[in-house]
Amino acid sequence: MQLDFGIQKKDHERVGTISRQKQKFTHIARSKSFARVADNEELLSGQKVRHLQLFDITHKKKDGTLMTTETVEIMEKLKDKRAKYESIALSDSFVNLDNIDNRIITKVLDLKTYGRV
C-alpha cells in the first residue's frame, strides 16, 4: 500500500533544493538535530556545550578546518565579541553571561530575533 499526499517525487526534490538554497550557512549535522549533536558532545567532553561551541562543532569538517571562508570570518567575529563581553563582565558585576551566546550570535549574524541559526 502506498500513500499519496498529492506531492510528486519531483516536487519533493524541488522543495528540498529550494530549502537548501535558502540556508545561510552549511553545517555538518546532517539529519541530526543540533540538540542531539550537543548531547553527544556533552557525553564526550563531560561539560555543557554552549551555543558558540555548537556553532563551531557543526561548521567544521572532519579534518578540523572550518567549512568556508565565510564561516572563518564569522567565527573570528563571534570569538572577538565573546572576549569583549567577558572583559566587560570582569569589570562590571551586573553583566550576566548566562544568555550571552544567543546575543552574540544574533548580533554577528544580524538576526532580527533570537532563534534558529
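Quick notes
- Rg in Å to one decimal, and Dmax rounded to a whole Å, for region 30-108 via C-alpha atoms: 13.9, 42
- Over 24 Å (Cα to Cα) - which of K32/K107; K84/K107; K48/K77; K32/K61; K48/K84; K48/K79 fall in this group: K32/K107
- A simple spin-label model places pseudo-atoms 7 Å from Cα toward Cβ; at E73 and A35 they are separated by 3.4 nm.
- Label-point separation, T17 to D63 (7 Å along Cα→Cβ), nm: 3.0
Since every read-out is calculated from the coordinates, none of them should be taken as a lab result. None of the values given here were measured: they were computed from a predicted structure. Cβ atoms come from the backbone with ideal geometry, glycine included; neighbour counts cover every protein chain shown.
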